[in-house]
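Engineer: So that we are looking at the same thing, I have put the structure below in structure tokens.
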Amino acid sequence: MKIILASASPRRRELMKYITRDFIAVSADCDETLAHDIDPMSAAEYLANLKALAVAEQYPDDIVIGCDTTVIYEDDILGKPGSKEACIAFMDLLSGQTHQVVTGCSIMYRDKVESFSEVTDVSFRELSDEEIERYADTNEPYDKAGGYGIQGLGSELIFNIEGDFFNVMGLPVTRLFNELKKFMRNVKE
């Protein structure tokens, strides 16, 4: 029995190595469209389940872990900015404010499924128009939920976090380690 990480994210793959080096990563090919009335705090876990299911169909005899991360500000999900203008709008919105980063995880093996979400509060400092413009001119924001990366240049935007730092990068390492350990114990029983 192998552990499969259902993710194409290089950041998640790197973080997964803190949990175990004995895993393979497989990109999850599934429709990630959310229902318009989904609770924003449930969206990441819902998408994590979809990703895990898609990969579990290919690997039915292995443990599959699906993950998804959303950035939520005032009940709105901020996806990946598709343009410089969208990135600037996100940064304007988050400047001087606190938002939530939610990573949903789903662990599957045959008919057993355990899912959870981890929430981290992230507070941005007040950003000047010049700082926002300079950040939007980098390549960093465009492949990240909420339009920033805490592990890169985006670290300059943040003055406080409450919760798991790694969760903001896309994988709640400590929680997933503990949940996976418990899940594997239950699978063997």
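The values are calculated or read from the model by the stated rules, or taken from the named source; none is laboratory data. On a predicted model such as this, the values are computed, not experimentally measured, just so you know. Ideal geometry is used to build each Cβ from the backbone, glycine not excepted, and the neighbour counts take in all protein chains shown. These accessible areas exclude ligands, DNA and RNA; they are computed on the full protein's heavy atoms, side chains included. Shrake-Rupley method; radii C 1.70, N 1.55, O 1.52, S 1.80 Å.
Engineer: With label points built 7 Å along Cα→Cβ from the Cα atoms of Phe159 and Tyr142, find their separation and express it in nm.
Structural biologist: Reported label-point gap for Phe159 and Tyr142 is 3.1 nm.
Engineer: Over the Cα atoms of the chain, what radius of gyration and what Dmax do you get, in Å?
Structural biologist: Gyration radius and largest Cα-Cα distance of the chain: 16.8, 58 Å.
Engineer: Counting each DSSP H run of 4 or more residues in the chain as -39500 (n - 2.57), what helix-only mean residue ellipticity at 222 nm follows after dividing by all residues, to the nearest 500 deg cm²/dmol?
Structural biologist: -11000 deg cm²/dmol
Engineer: Semi-axes of the equivalent ellipsoid for segment 55-125, please: Cα gyration tensor eigenvalues, times 5, square-rooted, ordered largest first, whole Å.
Structural biologist: With the √(5λ) rule applied to segment 55-125, the semi-axes are 33, 14, 7 Å.
Engineer: At a temperature of 25 °C and a viscosity of 0.890 mPa s, determine how fast segment 88-189 diffuses translationally according to Stokes-Einstein, using the Kirkwood radius over alpha-carbon pairs as Rh; express D in µm²/s, rounded to the nearest whole number.
Structural biologist: 162 µm²/s
Engineer: Here is a further query. Dividing the Cα convex hull volume of segment 1-113 by residue count, how many Å³ per residue is that?
Structural biologist: Per residue, the Cα convex hull of segment 1-113 comes to 122 Å³.
Engineer: Here's something else I'd like to know. Could you give the length gained on full extension between Phe177 and Met1, defined as 0.36 nm per residue of separation minus the Cα-Cα distance, in nm?
Structural biologist: 61.6 nm
Engineer: Next up: Provide the per residue accessible area, probe 1.4 Å, for segment 1-97, rounded to a whole number of square angstrom.
Structural biologist: With the other protein chains kept in place, segment 1-97 gives 52 Å² per residue.
Engineer: Here's a follow-up. Using DSSP to call loops (not H, G, I, E or B), can you name the GluC sites (Glu not before Pro) in segment 28-61 whose Cβ has at most 16 other Cβ atoms within 10 angstrom?
Structural biologist: Glu32, Glu57
Engineer: If each residue of separation counts as 0.36 nm, what is the full-extension length gain between Asp111 and Asp39 once their alpha-carbon separation is subtracted?
Structural biologist: Full extension of this stretch gives 23.4 nm more.
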